[in-house]
Amino acid sequence: MKLISIVTPCYNEEDNVEKLYEIVKEIMAKKLPNYNYEHIFIDNASQDATVKILKKIAINDKNIKIIINSRNFGHLRSPVYGMFQASGDAIILLVADLQDPPETIPLFVKKWEDGDDIVLAIKESSEENRLMFSLRKLYYGILSSLSEIEIFQNFTGFGLYDKKAMDAIKQLKDPYPFFRGMVAEIGFKVSKIKYSQPVRKRGETKNDFYTLYDAGVLGIISNSKIPLRVAIFTGFTFGILSFLIGLGYFIVKLIYWDQMDLGTAPLIIVTSFMFSILLFFVGIVGEYIGAIYTQLLNRPLVFEKERVNFE
């Protein structure tokens, strides 16, 4: 029988992991009995009882495998590393907070059986804060317009990936991966399933401002050179404009040497405006340089502390 690998990244999810385990186990037993499966939980150095609960489950169920990271490696690196450790014919990414409905798994597998290499879950609506959902939708629209390849909108990583698609993603060898962009990069035959995201019922969200900013900026700089080119053209345009303004003032001053008093206000306003534009684009260039530096370091995605139930 073919093997389905379900990969669940978790961090401080003691309220959810056991419930998720039970739901997935029931789905695989009742709706997909013709498949073997492994459920890999990759824990990002949780500070609560998450690991203790998972180890207790793993004692009696060898389908449950656990990877425990040596520290918290962030919300981008750990899930991708967990998927790379899966050995299934198909790999499903399923987060631990129960906001990705496990009931979608049989639909993924059906699409895969029909010949699709990648099956993506597209968030059609959400019970989360409407403002946040609208901002996410706006961001995906901006990212799609800037990217050189098609970026799947309202896609968070939840989906199924054939082994050959996952092997292709591995070849990208990105030490700080933007997974959604990597999926778009490799191509393959893709289908989509729409779903409505429920609100988190247990535990606290781990998506603070920094994690959202990190993923958002990484998505842009990983998939587009447009911000750099905008910086170049803007700098060139304002450089010419500054030169013309300066030349104009110089000519007027020569003509009306005794009558004209330039004053400091225009100089301060123009200088402040120019510096604000300059510093903004220096920040953009800095993000790209940081991404290059990360690539040059080429550090492993994570370091493991312990594995459970891996042969």
Would it be correct to say that Ser5 is of a type outside the set (A, V, I, L, M, F, W, C), open to solvent by less than 20 Å² (accessible area, probe 1.4 Å), in contact (Cβ under 8 Å) with a residue 40 or more places away in the chain and closer than 23 Å to Gly181 by Cα? yes
Suppose the filter is more than 14 Å from Val95 (Cα to Cα) and assigned to a loop (DSSP other than H, G, I, E, B); does Asn72 pass it? yes
Within region 15-56, which residues are under 19 Å from Val95 (Cβ atoms), open to solvent by 20 Å² or more (accessible area, probe 1.4 Å) and in contact with a helix residue (DSSP H, G or I) (Cβ under 6 Å, 6 or more places away or on another chain)? Glu18, Tyr21, Ile23, Tyr37, Ile53
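The values are calculated or read from the model by the stated rules, or taken from the named source; none is laboratory data. Remember, predicted model here, so these are calculated numbers, not experimental data. Reconstructed Cβ throughout: ideal geometry from the backbone, glycine too, with neighbour counts over all protein chains shown. For the accessible areas, the whole protein counts, side chains as well, though only heavy atoms, and no ligand, DNA or RNA atoms are used. Shrake-Rupley method; radii C 1.70, N 1.55, O 1.52, S 1.80 Å.
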